[in-house]
Amino acid sequence: MNSIIKTSMVTAVVATIATPALAKNWVDTVSVKRNGIDVAPIEVNANANGYTNIRTANHKFLLTLSASAKKGKRLVAGRIGAYNGVDYFEAGHPKFWDKKVKPKVFTNLGKKKISFAYSPTIAVSKVSWTGGTPVEVCRKHMNKHAKSASAKKAFLAKPHMISAMATFQFDIVAAKKKAAKKNKWHVGKSGSKRSNFTYQVNVKCLPGV
């Protein structure tokens, strides 16, 4: 795992919800947050008519994943994804990135609490966005500040720094202590909870050619 970087302030929305398929409330807390200062921008190409596509292929996201189980329960598994609807027991989204948390994180399936830095490099095309993709936010920014054709031409002559909000969700699974220790748990003998997080990313709207 990557080393922990000093946390910076960031505009974000965090929410925790129970996984519908698993009614057992065995997870006490779960969260996914930003960890560190992410200054690298996602670049968006433009031509003389407007913004066209994302230039940046991949982006490294700086996250911290944390969770705790209730009394008599232990954390056994988890999945982090760049979309809403992440479920450990279901197939991943066909369009967006996700990753199951490795068992060693749970200390041989017997840990009550976890908290660690996680910094995946993800294809930008595999990320879902809240409030618009990087291309869409560049277009919205131009339309807000440049109404006429001449104003748009002048706007596209310069680069502009704005931001977009990437969507993340962390699903954590807990089982009874004895079942966790023996690795004898399954979907019917476990409970889970999710946490949502919107991650602010710098976006550089490049000049049009």
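If you filter segment 72-116 down to residues that are touching a helix residue (DSSP H, G or I) at 6+ places or on another chain (Cβ under 9 Å) and among the basic types (Lys, Arg), you find that the one that is surrounded by the fewest Cβ atoms within 10 Å (Cβ to Cβ) is 95.
Going by the conditions given, is residue 48 modelled with pLDDT under 95 and surrounded by 14 or more Cβ atoms within 10 Å (Cβ to Cβ)?
On the way: modelled with pLDDT under 95: yes; surrounded by 14 or more Cβ atoms within 10 Å (Cβ to Cβ): no.
Considered against the rule, which asks whether it is modelled with pLDDT under 95 and surrounded by 14 or more Cβ atoms within 10 Å (Cβ to Cβ), residue 48 comes out as no.
Of all residues in segment 120-154, those that are among the polar types (S, T, N, Q) and either exposed (fewer than 12 other Cβ atoms within 10 Å of the Cβ) or within 17 Å of residue 49 (Cβ to Cβ) (or both) total 4. If you filter segment 155-209 down to residues that are modelled with pLDDT of 95 or more and out of contact with any strand residue (DSSP E or B) (no Cβ under 8 Å at 6 or more places or on another chain), you find that the one that is nearest to residue 119 (Cα to Cα) is 158.
Listed by first and then second residue, the pairs linking a residue in segment 190-209 that is on the phi < 0 side of the Ramachandran plot to a residue that is crowded, with 21+ Cβ neighbours inside 10 Å and of a type in the set (D, E, K, R), with Cβ atoms under 6 Å apart and 6 or more places separating them unless they lie on different chains, are 192/171; 194/171; 199/34.
On the given criteria, is residue 174 over 29 Å from residue 206 (Cα atoms), part of a strand (DSSP E or B) and in contact (Cβ under 8 Å) with a residue 60 or more places away in the chain? Spell out the reasoning first.
Values: over 29 Å from residue 206 (Cα atoms): yes; part of a strand (DSSP E or B): yes; in contact (Cβ under 8 Å) with a residue 60 or more places away in the chain: yes.
The answer is yes for residue 174.
Quick check on segment 59-73: of everything there that is under 14 Å from the mean Cα position of the chain (by Cα) and in a loop (DSSP other than H, G, I, E, B), which residue is nearest to residue 125 (Cα to Cα)?
Going through segment 59-73, the residues under 14 Å from the mean Cα position of the chain (by Cα) turn out to be 59-66.
Right, trim to in a loop (DSSP other than H, G, I, E, B) and you get 61-62.
On the way: 61: 14, 62: 18 Å.
This residue is 61.
Of the residues making up segment 136-164, those that are closer than 30 Å to residue 97 by Cβ and touching a residue at least 40 places away in the same chain (Cβ under 8 Å) are 137, 138, 139, 141, 142, 159, 160, 161, 162, 163, 164.
Among the residues of segment 74-126, count how many are in a strand (DSSP E or B) and free of Cβ contacts under 8 Å to residues at least 12 places away in the same chain.
Keep residues of segment 74-126 that are in a strand (DSSP E or B), which gives 74-81, 98-100, 111, 113-118, 121-123.
Right, trim to free of Cβ contacts under 8 Å to residues at least 12 places away in the same chain and you get none.
Number satisfying all stated conditions: 0.
The set of residues in segment 127-165 being part of a loop (DSSP other than H, G, I, E, B) and not aliphatic (A, V, I, L, M) consists of 128, 131, 132, 133, 147, 148, 158, 159. Taking residue 108, is it at pLDDT 95 or above and not acidic (Asp, Glu)? Spelling it out, it is not the case that residue 108 is at pLDDT 95 or above and not acidic (Asp, Glu).
The values are calculated or read from the model by the stated rules, or taken from the named source; none is laboratory data. Computed from a predicted model, the values in this text were never measured in an experiment. Because the Cβ atoms are built from the backbone with ideal geometry, glycine has one as well, and the counts that use them run over all protein chains shown.
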